[in-house]
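Input: a single structure, listed below in structure tokens.
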Amino acid sequence: MSTPFTLQLTPETYNLKPEIQVFDIYGQLLQTVETRHGTSLQIDLSHYATGIYFVRMVNGGKVMAVRKVVKGR
């Protein structure tokens, strides 16, 4: 069982209230996480298979950042 990973946002980024999107290696949107309380977000991939995922931060339709996450066993 893998544990959730933490995504840290700067206060400036958090104030923009970006939407966090998680995609699989094929580009399929798996989940969307809204920024709510604080600058730290827990994203749980435990119910997905081992592999590579992409976390994208979007604000106002513009992509602010993309990060690769490798999920182990």
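Overview of results
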| quantity | calculated |
| --- | --- |
| Verdict on V33 being more than 13 Å from L7 (Cα to Cα) and aliphatic (A, V, I, L, M) | no |
| Hits in region 36-63 (condition: under 15 Å from P4 (Cβ atoms) and either in contact (Cβ under 8 Å) with a residue 40 or more places away in the chain or of a type in the set (S, T, Y) (or both)) | S40, D44, L45, S46, Y48, Y53, V55 |
| Hey, L41 among the hydrophobic types (A, V, I, L, M, F, W, C) and either at pLDDT 95 or above or more than 13 Å from the chain's Cα centre (by Cα) (or both) or not | no |
| Residues satisfying the stated conditions in region 44-63, i.e. in a strand (DSSP E or B) and either closer than 16 Å to Q31 by Cβ or within 12 Å of the chain's Cα centre (by Cα) (or both) | G51, I52, Y53, F54, V55, R56, M57, V58 |
| Residue check, T35 closer than 18 Å to V63 by Cβ, open to solvent by less than 50 Å² (accessible area, probe 1.4 Å) and not acidic (D, E) | yes |
| Single residue of region 1-26 satisfying the filter (surrounded by fewer than 10 Cβ atoms within 10 Å (Cβ to Cβ) and β-branched (V, I, T)) that is modelled with the lowest pLDDT | T3 |
| Residue match in region 5-25 (condition: closer than 14 Å to V66 by Cβ, of a type in the set (V, I, T) and in a loop (DSSP other than H, G, I, E, B)) | yes |
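The values are calculated or read from the model by the stated rules, or taken from the named source; none is laboratory data. Fair warning: this is a prediction, and the values are worked out from it, not measured in the lab. Cβ coordinates were reconstructed from backbone atoms using ideal geometry, including for glycine residues, and neighbour counts include every protein chain displayed. Accessible surface is based on the protein model in full, side chains and every heavy atom, while ligands, DNA and RNA are left aside. Shrake-Rupley method; radii C 1.70, N 1.55, O 1.52, S 1.80 Å.
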